[in-house]
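This report refers to the structure that appears directly beneath it.
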Amino acid sequence: MKRELIDFDKRWFVKFKKFQDDLFDYYRSSVVGDVLDVKFSTIASGDFSRVLAFLAVDHVDLEPKKARMHSANILSRYKPEYHDEIMETLEEIGHPEWVSE
């Protein structure tokens with residue numbers, strides 16, 4: 001089933017990113033004890049080794065419970081007329097690597 005390409009709303013995206021940044025800042029400021037920072041892409045790829053080591057758990061074969069629904073290329077989800085704006089926005093926020101999951 002082919003998905004319809006979507007519009008990009010820079011204002012909404014920047015607002016969402018700020019919300020996420022603020023939320024994770026709150027989490028980090030509230031935690032007591034050790035913390036493990038791990039990228040979503042690491043978990044999504046099925047690499048749980050750092051998590052298991054952090055938890056001091058013996059190796060267990062685990063599989064992600066969710067499957068990829070979209071291409072790893074973020075631009076492929078948006079209408080082509082937004083691609084330049086998306087790339088510029090990712091550069092502005094310091095995360096050009098987010099073009100790919």
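Laboratory data are not the source of any read-out in this text; all were calculated from the coordinates shown. Fair warning: this is a prediction, and the values are worked out from it, not measured in the lab. Positions of Cβ are backbone-derived with ideal geometry, glycine not excepted, and every protein chain shown enters the neighbour counts.
Odds and ends about this structure:
- Sorted by Cβ neighbour density within 10 Å, fewest at the top, the residues Val51, Val32: Val32, Val51
- Above-threshold pairs, the threshold being 22 Å between Cα atoms, out of Lys2/Lys79; Lys39/Lys79; Lys18/Lys39; Lys10/Lys79: Lys39/Lys79
- Neighbour-count ranking [beta-carbon atoms within 10 angstrom, fewest first] of Phe8, Phe16: Phe16, Phe8
- Sorted by Cβ neighbour density within 10 Å, fewest at the top, the residues Asp84, Asp47: Asp84, Asp47
- Nearest 10 degrees, 0 to 90: helix 83-92 Cα axis against the chain principal axis: 50
- Stretch gain in nm, segment Lys15-Asn73, where the contour uses 0.36 nm per residue and the Cα spacing is subtracted: 18.7 nm
- Stretching Thr42 away from Asp7 to a fully extended chain increases their span by 9.8 nm, per 0.36 nm per residue minus the current alpha-carbon distance.
- For the pair Asp58 and Val32, a Förster radius of 30 Å applied to the C-beta separation gives a FRET efficiency near 0.70, rounded to the nearest 0.05.
- The C-alpha atoms of the chain define a longest principal axis, and helix 10-30 lies at about 20 degrees to it.
- Relative contact order %, the chain, counting alpha carbon pairs below 8 Å whose residues are six or more apart: 35
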